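Q: My questions all concern the structure below.
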Amino acid sequence: MMPPESVSRGGVTLCLDEYFEPRPPIDVPVLRYRIEVAGQTVGELRRRLGETSDLRRYFGQIGYEVQPAFRGRGHASMACRQGLAVMQGLGYDEVWITCNPENRASRRVCEKVGAVLVETVDIPAGHVMYQHGIRQKCRYRVRV
Ligand SMILES: CC(C)(COP(=O)(O)OP(=O)(O)OC[C@H]1O[C@@H](n2cnc3c(N)ncnc32)[C@H](O)[C@@H]1OP(=O)(O)O)[C@@H](O)C(=O)NCCC(=O)NCCS
């Protein structure tokens, strides 16, 4: 089943933007969506396609970023809700989102979309994230 090209809710639109073939460090395809508000791009949301343990444990199946000038207005939370709704429509019943423990804003986004903190895991020394200086990830699960 193909994901919809765009979805809108609460003044926030997710527009499917680009498909990326698997490439290191993420060995699954990625869909990038623009987050648009009033016709302006304010950030992006990425869906990492698949249910591998590396995704579920470390990378997460959804990632988001909002440009600094547009933060704190609920855009990431609304975009994330829409990404989750798209995934529900594609047959997922749960989605994993991960973030660094010190990333309070991202953790709050997880809470706002109804994700539950399942655990905080140590990044194994051999993992690519470890090589980038990341030592832990909080693992949030959302039932969709
Ligand atoms: C994380 C990010 C996407 C949030 O975007 P946003 O549009 O500001 O998010 P929202 O407005 O939907 O929600 C942010 C929440 O975090 C809260 N928040 C922001 N900074 C915070 C901090 N330092 N401590 C605690 N809470 C914080 C906000 O108050 C808001 O919660 P509230 O609605 O209850 O007040 C944005 O900060 C960002 O792009 N960061 C850099 C990229 C990144 O970290 N992406 C996530 C990777 S896992």
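Q: Here are the criteria: (1) open to solvent by 30 Å² or more (accessible area, probe 1.4 Å); (2) within 23 Å of Gln88 (Cβ to Cβ); (3) out of contact with any Phe, Trp or Tyr (no Cβ under 8 Å at 6 or more places or on another chain). Tell me which single one Arg32 does not satisfy.
A: Failed condition: (3).
Q: Can you work out which of the residues in region 117-143 that are closer than 18 Å to Tyr64 by Cβ and over 14 Å from the mean Cα position of the chain (by Cα) is surrounded by the most Cβ atoms within 10 Å (Cβ to Cβ)?
A: Filtering region 117-143 for residues that are closer than 18 Å to Tyr64 by Cβ and over 14 Å from the mean Cα position of the chain (by Cα), the one surrounded by the most Cβ atoms within 10 Å (Cβ to Cβ) comes out as Met129.
Q: Related question: Would you please name the residue that is most open to solvent (accessible area, probe 1.4 Å), looking only at residues in region 97-113 that are in a loop (DSSP other than H, G, I, E, B) and either within 6 Å of the ligand (Cβ to nearest atom) or among the β-branched types (Val, Ile, Thr) (or both)?
A: Filtering first and then ranking leaves Asn103.
Q: Looking at Arg46, Arg81, Arg73, Arg57, which one is within 13 Å of the ligand (Cβ to nearest atom), in contact (Cβ under 8 Å) with a residue 60 or more places away in the chain and open to solvent by 40 Å² or more (accessible area, probe 1.4 Å)?
A: Among Arg46, Arg81, Arg73, Arg57, only Arg81 is within 13 Å of the ligand (Cβ to nearest atom), in contact (Cβ under 8 Å) with a residue 60 or more places away in the chain and open to solvent by 40 Å² or more (accessible area, probe 1.4 Å).
Q: (1) away from the ligand (no atom under 16 Å from the Cβ); (2) open to solvent by less than 30 Å² (accessible area, probe 1.4 Å); (3) closer than 19 Å to Val142 by Cα: which one isn't true of Gln88, the others all being true?
A: Against the list (1) away from the ligand (no atom under 16 Å from the Cβ); (2) open to solvent by less than 30 Å² (accessible area, probe 1.4 Å); (3) closer than 19 Å to Val142 by Cα, Gln88 comes up short only on (2).
Q: A further question follows. Is there any pair with a first residue in region 21-39 that is in a loop (DSSP other than H, G, I, E, B) and a second that is among the aromatic types (Phe, Trp, Tyr) and modelled with pLDDT of 95 or more whose Cβ atoms are under 7 Å apart and which are 6 or more apart or on different chains, and what are they?
A: Pro29/Tyr19; Pro29/Phe20
The values are calculated or read from the model by the stated rules, or taken from the named source; none is laboratory data. Keep in mind it's a predicted model, so treat the numbers as computed, not measured. Every residue, glycine among them, receives a Cβ derived from its backbone with ideal geometry; neighbour counts consider all protein chains shown. The area values use the complete protein model at the heavy-atom level, side chains included, leaving out ligands, DNA and RNA. Shrake-Rupley method; radii C 1.70, N 1.55, O 1.52, S 1.80 Å.
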